[in-house]
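Novice: Quick one: the structure is below, and I'll ask about it shortly.
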Amino acid sequence: MIKLFSLKQQKRDGEAGKPGAKRASAAQLRIQKDLNELQLPKTCQTEFPDPDDLLNFKLVICPDEGFYKTGKFTFSFKVGPNYPHEPPKVKCETMVYHPNIDLEGNVCLNILREDWKPVLTINSIVYGLQYLFLEPNPEDPLNKDAAEILRQNRRLFEQNVARSMRGGYIGSVYFDRCIK
C-alpha cells in the first residue's frame, strides 16, 4: 500500500516538473464546461483562432429574421481569469448600425455588465446577443443616433440598417458590407 502511494507521488512530482504541464485555472475549467454544454442556434457558430486557447474565441451571428436578416456579425470573446465571477469581455468586430452596439464595437447587454451572475454561461450571452438583433432596444442605447431614429421613424431606421449592411454611408460614417 505504501509503495503504491509513493509511486503516485513520484508520478505527480514528475508531471509537475515537465515543461508545459500546468494546471488548468478555474476560468479555464469553467469555460471548457460552458463550451461543452453550448447549444448554438442555427444562426450562430463559434471560431477558435487558436484551438489551444479556449479563453479567446469568436462568435458569428447570421440573423435569419428582423432588420439584420442576411447580415454576418462577428463578436470577439475574451474570458478573464476571474470568470465566472466576472463576465467575459465581448466586442462586436463588425461595424454595425445598431442602437445597442456603438461604432467601436462595445455592446450594451445587461448580462455583460450589472446583471452578470456566475450562474450565467456563454450560452446565455449567445442568446442575449442574438436577441439584440431580433429586438434592438432604443431605450438603453450606446448609439444614440440609431436609437433616436428607431424611436421616431422605424421605416428610416430599417432603410439605414439595409444601407449600412450593403456597405455605405449613414451620415458621415462608412459601414463595410456585412451581408453573407
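Novice: Run the accessible area of the chain with a 1.4 Å probe and give the carbon-and-sulfur part as a rounded percent. Walk me through the numbers on the way to the answer.
Specialist: Details: 5700 of 11040 Å².
On the chain, the fraction of accessible area on carbon and sulfur atoms equals 52 percent.
Novice: What FRET efficiency would be calculated for the residue pair LEU120, LYS89, taking the C-beta separation as r and a Förster radius of 25 Å, to the nearest 0.05? Show your work: numbers first, answer last.
Specialist: Values: r = 15 Å, r/R0 = 0.59.
Rounded to the nearest 0.05, the efficiency is 0.95.
Novice: From the phi angles alone, apply the Karplus equation (6.51, -1.76, 1.60; θ = phi - 60°) to the range 47-55 and give each ³J(HN,Hα) in whole Hz, x where the residue is Gly or Pro.
Specialist: 3J(HN,Hα) across the range 47-55, in whole Hz: 9, 10, x, 10, x, 8, 10, 7, 7.
Novice: In the structure displayed, which of LYS33/LYS69; LYS58/LYS180; LYS58/LYS144; LYS78/LYS144; LYS42/LYS72 lie more than 21 Å apart, Cα to Cα?
Specialist: The answer is LYS33/LYS69; LYS58/LYS144; LYS78/LYS144.
Novice: Still on this structure: Can you send over the solvent-accessible area of LEU103, 1.4 Å probe, protein chains only, in Å² to the nearest 10?
Specialist: About 70 Å², ignoring ligands and nucleic acids.
Novice: Kindly report, to the nearest 10 Å², the accessible surface of ASP145 as traced by a 1.4 Å probe over protein heavy atoms only.
Specialist: For ASP145, solvent-accessible area is about 120 Å².
Novice: On the Cα set of the chain, report Rg and Dmax in Å, please.
Specialist: 21.2, 79
Novice: What nm distance separates the two modelled labels at ASN36 and GLU148, each placed 7 Å from Cα along Cα→Cβ?
Specialist: 5.1
Novice: Measuring with a 1.4 Å probe in the full set of protein chains, what accessible area per residue, in whole Å², belongs to the range 137-180? Kindly include the intermediate steps, with their values, before the conclusion.
Specialist: Details: 2880 Å² over 44 residues.
Here the residues of the range 137-180 average 66 Å² of exposed surface.
Novice: Using Cα atoms only, what is the angle between the long axis of helix 2-17 and the major principal axis of the chain, expressed in degrees (0 to 90) to the nearest 10?
Specialist: 40
Novice: Report the charge-dipole magnitude of the range 82-140 in Debye, nearest 20, computed about the Cα centre from +1 at each Lys and Arg Cβ and -1 at each Asp and Glu Cβ. The partial results should precede the final answer.
Specialist: Details: 4 positive and 9 negative charges, 50 e Å.
The dipole of the range 82-140 has a size of about 240 debye.
Novice: Another one. Order the following by accessible area, largest value first: HIS85, HIS98. Probe radius 1.4 Å; ligands, DNA and RNA are ignored. Intermediate values should be presented prior to the final figure.
Specialist: Numbers: HIS85 140, HIS98 0 Å².
The most accessible residue leads, giving HIS85, HIS98.
Novice: Please turn the phi angles of the range 119-124 into ³J(HN,Hα) values with the Karplus equation 6.51 cos²θ - 1.76 cosθ + 1.60 (θ = phi - 60°), one per residue in order, whole Hz, x for glycine and proline.
Specialist: After applying 6.51 cos²θ - 1.76 cosθ + 1.60, I find 6, 6, 10, 4, 4, 4 Hz.
Novice: Using θ = phi - 60° and the Karplus relation 6.51 cos²θ - 1.76 cosθ + 1.60, list the HN-Hα couplings for the range 137-142 in order, rounded to whole Hz, with x at every Gly or Pro.
Specialist: For the range 137-142, the Karplus curve yields 10, x, 7, 9, x, 9 Hz.
Novice: Over the residues of the range 120-180, compute the C-alpha Rg and express it relative to 2.2 N^0.38 Å.
Specialist: Working: Rg = 13.2 Å, N = 61, 2.2 N^0.38 = 10.5 Å.
Relative to the 2.2 N^0.38 Å estimate, the range 120-180 comes out at 1.26.
Novice: Hey, what angle do you get for helix 26-36 against the long axis of the chain, alpha-carbon based, 0 to 90 degrees rounded to 10?
Specialist: Helix 26-36 and the main axis of the chain meet at about 60 degrees.
Novice: Give the ranking of ARG113, ARG23 by solvent-accessible surface, highest area first, calculated with a 1.4 Å probe.
Specialist: On the way: ARG113 100, ARG23 220 Å².
Reading off the accessible areas and sorting them downward yields ARG23, ARG113.
Novice: For the modelled label position 7 Å from the Cα of SER25 along Cα-to-Cβ, which residues of the range 71-96 have backbone nitrogen atoms closer than 19 Å?
Specialist: In the range 71-96, the label zone of SER25 (backbone N under 19 Å from the point 7 Å along Cα→Cβ) covers 76-91.
Novice: If each residue of separation counts as 0.36 nm, what is the full-extension length gain between THR74 and ARG163 once their alpha-carbon separation is subtracted?
Specialist: Details: separation 89, 0.36 × 89 = 32.04 nm, distance 1.86 nm.
Using 0.36 nm per residue and subtracting the Cα-Cα distance, I get 30.2 nm.
Novice: Leaving ligands and nucleic acids out of the surface, order SER172, SER76 by accessible area at 1.4 Å, largest first.
Specialist: Working: SER172 110, SER76 15 Å².
Putting SER172, SER76 in descending order of accessible area: SER172, SER76.
The values are calculated or read from the model by the stated rules, or taken from the named source; none is laboratory data. Keep in mind the model is a prediction, meaning the values are calculated, not measured. So basically every Cβ, Gly included, is an ideal-geometry build from the backbone, and we count neighbours across all protein chains shown. Note: accessible area is taken over every heavy atom of the protein model, side chains too, but ligands, DNA and RNA are not part of it. Shrake-Rupley method; radii C 1.70, N 1.55, O 1.52, S 1.80 Å.
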